[in-house]
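J.: Sharing a structure with you now.
The values are calculated or read from the model by the stated rules, or taken from the named source; none is laboratory data. From a predicted model like this one, the values you see are computed outputs, not experimental measurements. In this analysis, Cβ positions are derived from the backbone assuming ideal geometry, glycine residues included, and neighbour counts consider all displayed protein chains.
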Number of protein chains: 2
Amino acid sequence: MEGVDHLAHERNKSEFDVDAMKIVWAGSPHAFDVSDRISKLVASDPGFRKDNRSTLSRKELFKNTLRKAAYAWKTIVDLRLSEEEAAKLRFYVDEPAFTDLHWGMFIPAIKGQGTEEQQQKWLPLAYKMQIIGCYAQTELGHGSNVQGLETTATFDSQTDEFIIHSPTLTSSKWWPGGLGKVATHAIAYARLIVGGREHGVHGFIVQLRSLEDHSPLLGITVGDIGMKFGNGAYNTMDNGVLQFDHVLDVYSIAFASIAVMLWVSQVTCEGKYKQSDVPRQLVYGTMVYVRQTIVADASCALSRAVCIATRYSAVRRQFGSQNGGPETQVIDYKTQQSRLFPLLASAYAFRFIGEWLKWLYADVTQRLQANDFSTLPEAHACTAGLKSLTTTATADGIEECRKLCGGHGYLCSSGLPELFAVYVPACTYEGDNTVLLLQVARFLMKTVSQLGSRLSSKKPVGTIAYMTRVEHLMQCRCGVQRGFAELSADLVEAAVAHCQLIVVSKFIEKLQQEIPGKGVKQQLEVLCNIYALFLLHKHQGDFLSTGCITPKHAALANDELRSLYSQVRPNAIALVDAFNYTDHYLGSILGCYDGNVYPKLYEAAWKDPLNESVVPDGYHLYIRPLLKQEIRTARL
Amino acid sequence: MEGVDHLAHERNKSEFDVDAMKIVWAGSPHAFDVSDRISKLVASDPGFRKDNRSTLSRKELFKNTLRKAAYAWKTIVDLRLSEEEAAKLRFYVDEPAFTDLHWGMFIPAIKGQGTEEQQQKWLPLAYKMQIIGCYAQTELGHGSNVQGLETTATFDSQTDEFIIHSPTLTSSKWWPGGLGKVATHAIAYARLIVGGREHGVHGFIVQLRSLEDHSPLLGITVGDIGMKFGNGAYNTMDNGVLQFDHVLDVYSIAFASIAVMLWVSQVTCEGKYKQSDVPRQLVYGTMVYVRQTIVADASCALSRAVCIATRYSAVRRQFGSQNGGPETQVIDYKTQQSRLFPLLASAYAFRFIGEWLKWLYADVTQRLQANDFSTLPEAHACTAGLKSLTTTATADGIEECRKLCGGHGYLCSSGLPELFAVYVPACTYEGDNTVLLLQVARFLMKTVSQLGSRLSSKKPVGTIAYMTRVEHLMQCRCGVQRGFAELSADLVEAAVAHCQLIVVSKFIEKLQQEIPGKGVKQQLEVLCNIYALFLLHKHQGDFLSTGCITPKHAALANDELRSLYSQVRPNAIALVDAFNYTDHYLGSILGCYDGNVYPKLYEAAWKDPLNESVVPDGYHLYIRPLLKQEIRTARL
């Protein structure tokens, strides 16, 4: 079987230049080159093997992650990889680890919120991994409500030190990745108390463990919070619990504030709290950065699941055999297409919205440097909403892809269970998705209310520019007397609609650009139309009840959708090939490039530890007494 | 903290008689008594402990399941439990095991489809567990399409034996629970070949393993198919792979047919295939039975998740603190209510539809015995559709409940990840949910087409009786020329709508009965209205586009829904208390009865194997070389 491409007939069908589409997906020829090179490097190195994760015990799994993290770093150092290449390598190693927090939260927080002095002190250590940092914000009792954190940091003007303390059980730091077993340092958030007065929640750099023998420092109780959803999945991460018992923060100064949104706060030697004059809006810049990363990750995770489900749907045949011929490929069933192809379209839509958010972040950063804060509220609402929208759709989409693979999708060797389990926390971290939509709704309500009062003075810009065209809405003021909270469930729906509009319009904008390659643009147009019409079908109630469309329109849209599915069908395999994922990265027998699914499933089954012996451990103790009717005297 | 009820203030708020509701939920005072007694018996016996499942390796996990299965049987024997009590005990042990297939598929198949002679031979052995059976139908290459199975059973008239054989890799039996490591016998499905002629797929009893030493018999290759979704979850089950190499079925006769839907087929000694004169419709009776069980299980799984999410939503507080007072319980947020309360209503709705299906099965059985097949097609369509509807809604609902618990819902100790992972296969087994909806759609189309042609001669009965009232639909024949397959995605939506109508109307019928207990009926009315209006809101597009409601109606329905959420709020905790679940069965720290969540989470964390040592295994090899800048020379 080796070397035969069981999906060749599908690849021959495609009507566009797959190599050109790969460049579009990657974002640029350079980005494609780096991704292609690094993903193959990881895939070909047995040190990064990951197919055995589901059967490892927690301790074996975690130790193996430590090894991989060290091995990845060694590879980066040995090959002198650039920062971009190193990040790609960590991405393709595809295993959550303490390094994600060190590079993705600890370092950016110091870069984004530390003083120059602090940056000079900590960044060189962190870049070389002489220290390993984590980001200790959430507590057992507080997640979304950062202002409610209970940990205290009391300034002692006698010793010029901060005393960090966990006054209650619920103030235990809880969830921070890398904290449980690895990090030597944390950025810990605590309520600052100076001279008996509270000054809100600020960040502190705290050393947790000895750099000599890794034991926790005096007054620090730290450990792992236990198993999480799924096999392998996020259990490679040491999410931690941490209690401070009057710990002295010898690195002293509070350097970042969440609660009062200050760039840098200072406590002077005389114990005076000094607010910085750096504008609070800058903190939003960091949030925009982190969330645009999450949106980009959503397109990766969704496209991966879609790639698996699409390839397997072309391999799997069921029913419809004529005169003993082959059965019908399940991808040819309209019910399969109507569930799968909107997800394929979503993967592309999210890719392009992620690309656009990257641009938005660059634009916002540039404006901030020029003290222009005008677009920040819109950019913030936009990224918050898109984070919520794309992560929810991706989590649901992965599970839908798993179901589209039928029974075999339930096997760990399909890769989909682990992909789902490792992905779903994205709906909760960095802003719970519902909480974020409420922020968007609040922003929309504010914008609408300003439209009425001073339409000429403050025109909506960017993604809310369309609101200038809805002046007629202002005419039909409704009689609702209830408050925001009362109507929040409905406002969340409005926020989703707003975000969907952004995704659709940016997809359309993308198509207005020059896109080289035979048939590439045509395929993207089909996908864009599927994405838009699928949403129209799904939310037709909103369109109908507001009179935006008639039932006739809705029916026509549905007809068109069916026709688009037929157009995408011959190109489906090529459209997922364009993601350019290695079999290693996909981590799925069902999704393997050559489609040789059944022999691989069969072979993988025998590797389960239960198959190490033909007669199972426990037979003599627990099965034989049943069969021999000796259960009453058996020792169980 | 011991003994304090942190949810007492919630329980005091409730406006109805919880004990009376418990009887309603259980179905009868007797059913309540059995459930209550057996669930407490299981909960109080350390032999049935299950809180350590997520950290066990596959082999430890499986061995422990074997122990529990034997221990459960010992308990049943020692306490001389009735069949009803024994079934409840297995239910509350709450761990998938080979016994599920032995009692739930192997024995019912023999009872339902075997001859009297076969029943006399096999049932006594099976009832005493002198043999352990499984149900080997699906193959690596075939699930939904049973007629496509490839395994052969060739009758050898010389020796009067059947030779069972797996001619291809894809013909390997794949998925049967209990097959992998335990079952001594299987009902294996194979294409019957007599005198060179094929007679479709039939069931055969085949011995797999020696009753002396448990080794597989000659020609049999058998093993486990490997890890499945989730920690613990379905990995306690030995789903198996099986290949026959010309195995002689010494128990000879083919006794059940799936493909040609015969009750009993016979091959005579002379090698003649003899069709039975028992009507094929009887096989549908078994399917109705199995699927009504699945619907009943859906209400159990969903109510369990809802119980956890509701209690935790009352414990968890976030935001909204006034003057340093306590924060707002998250259950008081309208966004939380609008996601949680429809699921609470669904749990009750599914409970009652399950009860009704039980009645339907009894009714169908009675009619079948009187050779009345008139209601069978409708009963079959009805159970197929409701199996699909309730399992899909339950799987999605469990995951929604997990998300409603925020970050902590992602911990295994919340119980929700395992509940989801162990539940989702219900969407695929016993009929893939989409395939089932297509069956319903086909039935509906047939019914509608008959309405037009012979309206008076064959009136729709039961759950399709409403169609007699839609004669006007017959007037507006549409111009669609496309076939069923082309429109299948839309027909699936129609099938869902039909099934939703059944659930709503049976909930309404339930409320027309006498229901004792202060306030009980009123609460159920609120839940019924929530269920119906939530569906109307969710599918308002269908109602609007068909002109059944106006946008004004839709808005009013939404207003009413909000008001109903407020009515259910003070009763929410009592409504989940009425499920009468023990903390053992719930298996969730977040859902524990006393609401003392945080100390229990904190305590549970320290039990993770990673916390056995303060400095993690792997520190010297993989962390220290990083910190000490010795990575280039490290051995990784």
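J.: Which of the numbered conditions does A:Asp608 fail, given that it passes all the others? Conditions: (1) in contact with a strand residue (DSSP E or B) (Cβ under 7 Å, 6 or more places away or on another chain); (2) closer than 22 Å to A:Tyr423 by Cα.
T.: Unmet for A:Asp608, out of (1) in contact with a strand residue (DSSP E or B) (Cβ under 7 Å, 6 or more places away or on another chain); (2) closer than 22 Å to A:Tyr423 by Cα: (2).
J.: Scan region B:325-335 and give yes if some residue there is of a type in the set (S, T, N, Q) and touching a residue at least 60 places away in the same chain (Cβ under 8 Å), otherwise no.
T.: no
J.: May I pose another question? Looking for whichever is of a type in the set (Ser, Thr, Tyr) and closer than 30 Å to B:Ala379 by Cβ here; the options are B:Ser545, B:Ser505, B:Ser563. Which one fits?
T.: The conditions single out B:Ser505.
J.: Right, here's the next one. Looking at region A:442-460, can you tell me whether even one residue there is buried (at least 24 other Cβ atoms within 10 Å of the Cβ) and under 28 Å from B:Cys405 (Cβ atoms)?
T.: no
J.: List the residue pairs whose Cβ atoms are under 9 Å apart, where the first residue sits in region A:154-172 and is more than 14 Å from every other protein chain (Cβ to nearest Cβ), the second is of a type in the set (Asp, Glu) and surrounded by fewer than 18 Cβ atoms within 10 Å (Cβ to Cβ), and the two are 6 or more positions apart or on different chains.
T.: A:Phe155/A:Glu161; A:Ser157/A:Glu270; A:Phe162/A:Asp156; A:Ile163/A:Asp156; A:His165/A:Asp245
J.: Those residues that are within 30 Å of B:Gln318 (Cβ to Cβ), facing chain B (nearest Cβ under 10 Å) and touching a helix residue (DSSP H, G or I) at 6+ places or on another chain (Cβ under 6 Å), I need them from region A:121-153; list them, please.
T.: Answer for region A:121-153, where residues must be within 30 Å of B:Gln318 (Cβ to Cβ), facing chain B (nearest Cβ under 10 Å) and touching a helix residue (DSSP H, G or I) at 6+ places or on another chain (Cβ under 6 Å): A:Leu140, A:His142, A:Gly143, A:Ser144.
J.: Find the residue count for region B:531-556, including only residues that are of a type in the set (A, V, I, L, M, F, W, C) and buried (at least 19 other Cβ atoms within 10 Å of the Cβ).
T.: 8
J.: Can you name every one of the helices (runs of 4 or more DSSP H) wholly within region A:582-636 that holds 3 or more residues which are closer than 21 Å to B:Ser171 by Cα, at the interface with chain B (Cβ under 10 Å from one of its Cβ atoms) and within 31 Å of the chain's Cα centre (by Cα)?
T.: Hits in region A:582-636: A:597-605.
J.: Checking B:Ala314 against (1) within 14 Å of chain A (Cβ to nearest Cβ); (2) in contact with a strand residue (DSSP E or B) (Cβ under 8 Å, 6 or more places away or on another chain); (3) part of a helix (DSSP H, G or I), which single condition isn't satisfied?
T.: (1)
J.: When region B:26-54 is examined, which residues are found to be more than 20 Å from B:Arg90 (Cβ to Cβ) and touching a helix residue (DSSP H, G or I) at 6+ places or on another chain (Cβ under 8 Å)?
T.: B:Pro29, B:Ser54 - these are the residues of region B:26-54 that are more than 20 Å from B:Arg90 (Cβ to Cβ) and touching a helix residue (DSSP H, G or I) at 6+ places or on another chain (Cβ under 8 Å).
J.: Which residues, counting only those in region A:1-44, are among the aromatic types (Phe, Trp, Tyr) and either surrounded by 18 or more Cβ atoms within 10 Å (Cβ to Cβ) or at positive phi (or both)?
T.: A:Phe16, A:Trp25
Quick grid of which residues meet (1) of a type in the set (A, V, I, L, M); (2) modelled with pLDDT of 95 or more:
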| position | (1), (2) |
| --- | --- |
| A:Ile164 | yes, no |
| A:Lys173 | no, yes |
| A:Thr184 | no, yes |
| A:Arg197 | no, no |
| A:Phe204 | no, no |
| A:Ser215 | no, yes |
| A:Gly219 | no, no |
| A:Met227 | yes, yes |
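Residue-wise test of (1) closer than 15 Å to A:Val206 by Cβ; (2) surrounded by 16 or more Cβ atoms within 10 Å (Cβ to Cβ).
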residue	(1), (2)
A:Thr115	no, yes
A:Gln118	yes, yes
A:Pro124	no, no
A:Lys128	no, no
A:Tyr135	yes, yes
A:Ser144	no, yes
A:Gly148	no, yes
A:Thr151	yes, yes
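J.: Taking region B:52-83, which residues are more than 9 Å from chain A (Cβ to nearest Cβ) and closer than 28 Å to A:Ser54 by Cβ?
T.: B:Asn52, B:Arg53, B:Leu61, B:Ala72
J.: Of all residues being at the interface with another protein chain (Cβ under 8 Å from one of its Cβ atoms) and either in contact with a strand residue (DSSP E or B) (Cβ under 9 Å, 6 or more places away or on another chain) or in a strand (DSSP E or B) (or both) in region B:209-221, which is farthest from A:Gly407 (Cα to Cα)? Just the residue, please.
T.: Residue satisfying both the conditions and the ranking: B:Ser215.
J.: Which of the residues spanning region B:567-606 are out of contact with any helix residue (DSSP H, G or I) (no Cβ under 8 Å at 6 or more places or on another chain), touching a residue at least 40 places away in the same chain (Cβ under 8 Å) and not charged (D, E, K, R)?
T.: Hits for region B:567-606 are B:Asn596, B:Pro599.
J.: Output the number of residues of region A:427-451 satisfying the condition of being within 11 Å of chain B (Cβ to nearest Cβ) and assigned to a helix (DSSP H, G or I).
T.: Counting residues in region A:427-451 that are within 11 Å of chain B (Cβ to nearest Cβ) and assigned to a helix (DSSP H, G or I) gives 7.
J.: Here are the criteria: (1) out of contact with any Phe, Trp or Tyr (no Cβ under 8 Å at 6 or more places or on another chain); (2) in contact (Cβ under 8 Å) with a residue 40 or more places away in the chain. Tell me which single one B:Pro124 does not satisfy.
T.: Of the numbered conditions (1) out of contact with any Phe, Trp or Tyr (no Cβ under 8 Å at 6 or more places or on another chain); (2) in contact (Cβ under 8 Å) with a residue 40 or more places away in the chain, the odd one out for B:Pro124 is (2).
J.: Please list, ordered by first then second residue, the pairs with beta carbon atoms under 8 Å, 6 or more apart or interchain, first in region B:51-66 and more than 15 Å from B:Gly587 (Cβ to Cβ) and among the small types (Gly, Ala, Ser), second surrounded by fewer than 20 Cβ atoms within 10 Å (Cβ to Cβ) and at pLDDT 95 or above.
T.: Within 8 Å, the pairs are B:Ser57/A:Pro609.
J.: Looking at region A:163-174 only, could you name the residues that are aliphatic (A, V, I, L, M) and either touching a helix residue (DSSP H, G or I) at 6+ places or on another chain (Cβ under 7 Å) or in a loop (DSSP other than H, G, I, E, B) (or both)?
T.: Scanning region A:163-174 gives a single hit, A:Leu169.
J.: Look at B:Arg562 and say whether it is part of a helix (DSSP H, G or I) and under 30 Å from B:Gly409 (Cβ atoms).
T.: Considered against the rule, which asks whether it is part of a helix (DSSP H, G or I) and under 30 Å from B:Gly409 (Cβ atoms), B:Arg562 comes out as yes.
J.: Can I ask one more? Just need a number here: residues in region B:550-562 that are facing chain A (nearest Cβ under 9 Å), over 34 Å from the mean Cα position of the chain (by Cα) and among the aliphatic types (A, V, I, L, M).
T.: Of the residues in that region, 1 qualify.
J.: Could you say which residue among A:Gly219, A:Gly196, A:Gly230 is closer than 26 Å to A:Tyr429 by Cβ and of a type in the set (Gly, Ala, Ser)?
T.: Result of the check over A:Gly219, A:Gly196, A:Gly230: A:Gly230.
J.: From the list A:Tyr284, A:Tyr289, A:Tyr312, A:Tyr234, which residue is out of contact with any Lys or Arg (no Cβ under 8 Å at 6 or more places or on another chain), modelled with pLDDT of 95 or more and not hydrophobic (A, V, I, L, M, F, W, C)?
T.: On inspection, the qualifying residue turns out to be A:Tyr312.
One line per residue, one yes/no per condition, for (1) buried (at least 24 other Cβ atoms within 10 Å of the Cβ); (2) within 20 Å of B:Val461 (Cα to Cα); (3) of a type in the set (A, V, I, L, M); (4) more than 22 Å from the chain's Cα centre (by Cα):
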{"position": "B:Asp332", "(1), (2), (3), (4)": "no, no, no, yes"}
{"position": "B:Phe341", "(1), (2), (3), (4)": "yes, no, no, no"}
{"position": "B:Ala345", "(1), (2), (3), (4)": "yes, no, yes, no"}
{"position": "B:Tyr348", "(1), (2), (3), (4)": "yes, no, no, no"}
{"position": "B:Gly354", "(1), (2), (3), (4)": "no, yes, no, no"}
{"position": "B:Ala362", "(1), (2), (3), (4)": "no, yes, yes, no"}
{"position": "B:Ala370", "(1), (2), (3), (4)": "no, yes, yes, yes"}
{"position": "B:Ser374", "(1), (2), (3), (4)": "no, yes, no, yes"}
{"position": "B:His380", "(1), (2), (3), (4)": "no, yes, no, no"}
